[in-house]
Amino acid sequence: MTTTSEPITVTAPARRSSARLRIGVAFAVGLILTLLVGAAALYAFDQQYTGKILPGVRVGSVDLSEMTPDAARTALSEANAGLSKGRIVLTRPDDTTTVITYAEIGRGLDTEGLVQEAMAVGRDGSAIDRVLADARAPFRGVVLQPRITFDTVELTSRIEAAAAALRSDPAEASVTVDGKLTFQVIAGHAGQLVDVIPLTTEVALQLGRLDAPAEVDATIPVQVAEPVVTTAAASAAKAAADRIATDISIVIGTKEVPIASAKIRPWITFSTTSDGGYAPVVDTTKIPTLLDGLAAKIDQTPVSASFKTSGIKVTGVTPGRDGYAVDVGATAKQIEALLAARAIGSTSTEIRPAVVVTTPALTTAQATAAAPKMRMISQWTTYFPIYEGNGFGANIWIPALTIDGYVVAPHATFDFWGAVGEVSRAKGYLQGGAIIDGKSEPQGALAGGICSCSTTLFNAALRGGFEMGARRNHFYYIPRYPLGLDATVFIGASGATQTMSWTNDTGNPVLIRGFKIRKGNSGYVRFELYSVPTGRTVDIGTAVVKNIRRASDTTVYTSSLPAGVTKRDQIPIDGMQVWRTVTVKDAAGRVIRRVTYYSNYGRVTGVLLVGKAAATPPPAQ
């Protein structure tokens, strides 16, 4: 049996597809018709309320339905007229007040804005939205919330004006120094700060409420603005400055040197500190200069020990003392530390300065050890006439007595002018003779004749075996001096100086004794030297004289003297060259030194003045 298969085609019913198409077309047509009808209705509705607010629109409780904008404005203004009837009362700390009325800042309903919003109801959005809104408005209504408006700029300005009188800058306190160097406090005071932003914000919040009270009370906030430097701080700084400027005593041994408050006060100024305080500031750079000026009062010259004598014996010791000089740098730091401590409350007034100590050339211990062993080791005496040429002896005896008791320490050098010191009339010196241009002038110089003192001491030291230093012979030989061993001294008006000196080249001190001796019209000066004997011997050789230039004598007649009266003006003195060799040996006979002293003496022509009768004037014609 044979089976045959054929394809089967299934076809949707034509009627069903046709029905769906018809339904779709019908819906589209209906929608278009509806929109056309709605648009027509919207147009008709808009035309009915052109220039009016749609029905059902209210602002709060005020119904603005179908009102024109002007009518709406009037209705809103009448309903909210009370919003501008009120005031703001600003109270200051002193209870005075400033009143700002609501009307002054334009407080009221935002009428214009609300009317515009009311007019816009139902007129914004798509056509469908507008149809729906227009349909709802009469039934449900549209309620706009009332809004308050006011001039915030004016409100801020009025509050600022009320607060301006309360503002004040603080005054800084200070300390000044018056003409009497007294510190004076200039009082300061606090100021006031006013921040109106929080106040303005708070008032604005209250004014923006519909139920704001008819009176808004507010207190203007005031804050105290303290000065950086208060009166209390300035007073404390003054008190510190007064402590700092208290007198300071520099104490050393029994000596006390003050630094007066008046010296310290000019160093002090006042300034704020890094931590915001206020304090005195001391200019410590002035301290070293002050100490330099006080050095003469603080410093002490060392004084060598000396000896007590009786006859030709050394019987005891006069103690010496150390010297010292202030160490300016170290002492300045001590004063700085004292002033800094005073600034924080210290009342200390004394400092012990840093000093550099210097021992004397002869200490008390050295003198004490030498005294029992000391003997007179040499002496020399010089005769001189007592007359106007030597200030009647004063110009010789005064320096001798000044030198009396002088101690030449071991290895120290004696200098004549250094030992004699100032030569002045106040010390008793008189005019005396001087050799000027090779001639004797009886009243040629202050302290003329002092060379008798220097020559005598030179010869005493020479015979003691010491190392002789500066020495110069006179212009011409004076017979009362050892030939070739005289020693002139002078200080010229031009500054030229001649001294006499010698060095104690032993390990023992030398005491110089000077004596004033007078016998009638004859004067003597003597020097004695005391030391621990060393066994030295001194050999002074015979003078070698050469090139003698014989002096001549002249007679000069003068009417300045009575007739027949004579007066010696210049003594005739031979000129010559002289050598004297001095040999010093130690105790064992060994030569320590051999020195030859050379003297070149000038020649002086004698002058004898003879008085003559004055010439008789010719007879009158």
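May I ask you to order 391-403, 410-422 by the average number of other C-beta atoms within 10 Å around their residues, highest value first?
Highest to lowest by the protection proxy: 391-403, 410-422.
With charges set only on the Cβ (+1 for Lys and Arg, -1 for Asp and Glu), what does the dipole of the chain come to about its Cα centre, in debye to the nearest 20?
In debye, rounded to 20, the chain gives about 5200.
Can you list the lysines whose alpha carbon sits under 21 Å from that of Lys313, skipping same-chain ones fewer than 8 residues off?
Lys373, Lys516
For the chain, what proportion of DSSP beta bridges, expressed in % and rounded to the nearest 5, is antiparallel?
85
So, in nm, how far is label Ala190 from label Lys516 when the simple model puts each one 7 Å beyond its Cα toward the Cβ?
According to this spin-label approximation, the distance is 8.4 nm.
Over the chain, what percent of the accessible surface lies on carbon and sulfur atoms, probe 1.4 Å?
Answer for the chain: carbon and sulfur cover 56 percent of the accessible area.
For the stretch 297-307, what does the Karplus curve 6.51 cos²θ - 1.76 cosθ + 1.60, with θ = phi - 60°, yield as ³J(HN,Hα) per residue in whole Hz, taken in order and with x for Gly and Pro?
Computed from phi, the couplings for the stretch 297-307 are 8, 8, 5, 10, 6, x, 10, 5, 5, 10, 10 Hz.
If I take R0 = 51 Å and measure r between the Cβ atoms of Lys546 and Asp586 in this structure, what FRET efficiency does the formula 1/(1 + (r/R0)^6) give, to the nearest 0.05?
Working from the Cβ atoms, E equals 0.95.
Where the centre of each part is set by its Cα atoms, how far does the stretch 163-236 sit from the stretch 468-512, in angstrom?
89
So what's the angle, to the nearest 10 degrees on a 0 to 90 scale, between helix 152-164 and the longest Cα principal axis of the chain?
Value to nearest ten degrees: 30.
Hey, what angle do you get for helix 196-207 against the long axis of the chain, alpha-carbon based, 0 to 90 degrees rounded to 10?
10
Please list 72-81, 502-511 highest first by mean number of surrounding beta-carbon atoms within 10 Å per residue.
For the peptides 72-81, 502-511, the packing ranking is 502-511, 72-81.
Of Ala365, Val408, Phe392, which is farthest on the positive side of the dipole of the stretch 335-428, counting Cα position, with +1 on Lys and Arg Cβ, -1 on Asp and Glu Cβ, and the Cα centre as origin?
Towards the positive end, the residue furthest out is Ala365.
What net charge do the residues around Val357 carry, taking every other residue with its C-beta under 15 Å from that of Val357, with Lys and Arg at +1 and Asp and Glu at -1?
Neighbourhood net charge equals 0.
Based on the Cβ-Cβ distance of Thr50 and Ala214, what FRET efficiency does E = 1/(1 + (r/R0)^6) give at R0 = 35 Å, to the nearest 0.05?
Calculated value: 0.30.
Got a sec to turn the phi values of the stretch 246-259 into Karplus ³J(HN,Hα) couplings, 6.51 cos²θ - 1.76 cosθ + 1.60 with θ = phi - 60°, whole Hz, x for Gly and Pro?
After applying 6.51 cos²θ - 1.76 cosθ + 1.60, I find 5, 3, 10, 10, 8, 10, 9, x, 8, 8, 9, 10, x, 10 Hz.
Please compute the length gained on full extension between Thr503 and Asp95, using 0.36 nm multiplied by the number of residues separating them and subtracting their Cα-Cα distance.
That works out to 136.9 nm of additional length.
The stretch 87-109 to the stretch 246-260: how many Å between their Cα centroids?
Each part's Cα centre sits 72 Å from the other's.
Return the lysines within reach of Lys255: Cα separation strictly under 28 angstrom, same-chain partners fewer than 8 residues apart disregarded; answer none if there are no such residues.
Within reach: Lys263, Lys286, Lys297, Lys308, Lys333.
Excluding Leu401 itself, calculate the net charge of residues whose Cβ lies under 15 Å from the Cβ of Leu401, where each Lys or Arg counts +1 and each Asp or Glu counts -1.
+2
Once each part is reduced to its C-alpha centroid, what is the distance from the stretch 548-563 to the stretch 304-337 in angstrom?
58
For Glu78 and Ala164, what does the FRET efficiency come to when R0 = 45 Å and r is the distance between their Cβ atoms, rounded to the nearest 0.05?
Efficiency for this residue pair is about 0.70.
If you line up the long axis of helix 328-343 against the longest principal axis of the chain, both from Cα atoms, how many degrees apart are they, to the nearest 10?
40
Checking a compactness column here: for the stretch 496-621, what do you get for Rg(Cα) / (2.2 N^0.38 Å), N being the number of residues?
Scaled against compact globular proteins, the figure is 1.80.
What residues from the stretch 560-584 fall in the zone where the backbone N is under 17 Å from a label point 7 Å along the Cα-to-C-beta line of Asp539?
Residues 580-584 fall inside that zone.
Report, to one decimal in Å, the Kirkwood hydrodynamic radius for the chain based on all distinct Cα pairs.
Mean inverse Cα-Cα distance, inverted, gives 38.9 Å.
Hey, what did the chain get for relative contact order, percent, Cα under 8 Å, at least 6 apart?
Dividing the mean separation by the residue count of the chain yields 8 percent.
Take Glu388, project a point 7 Å from its Cα along the Cβ direction, then tell me which residues of the stretch 458-493 have their backbone nitrogen under 11 Å from it.
The answer is none, because no backbone nitrogen lies closer than 11 Å to the label point.
By average Cβ neighbour count within 10 Å, what is the ranking of 462-468, 230-236 from highest down?
In descending order of packing, they fall as 462-468, 230-236.
Please give the net charge around Leu90, taking every other residue with its beta carbon less than 12 angstrom from that of Leu90, where Lys and Arg add +1 and Asp and Glu add -1.
That sum, taken over residues with Cβ under 12 Å, equals -2.
Can you give the extra length, in nm with one decimal, that the chain gains between Thr285 and Ser271 once fully stretched, where that is 0.36 nm per residue apart less the Cα-Cα distance?
3.3 nm
For Thr254 and Asp178, compute 0.36 nm times the residue count separating them, minus their Cα-Cα distance, and round to one decimal in nm.
23.7 nm
If each DSSP helix of 4+ residues adds -39,500 (n - 2.57) and the sum is divided by the residues in the chain, what number results at 222 nm, nearest 500 deg cm²/dmol?
-9000 deg cm²/dmol
The values are calculated or read from the model by the stated rules, or taken from the named source; none is laboratory data. None of the values given here were measured: they were computed from a predicted structure. Backbone-built Cβ (ideal geometry, glycine too); neighbour counts: all protein chains shown. SASA here: full protein model, heavy atoms, side chains in, ligands and nucleic acids out. Shrake-Rupley method; radii C 1.70, N 1.55, O 1.52, S 1.80 Å.
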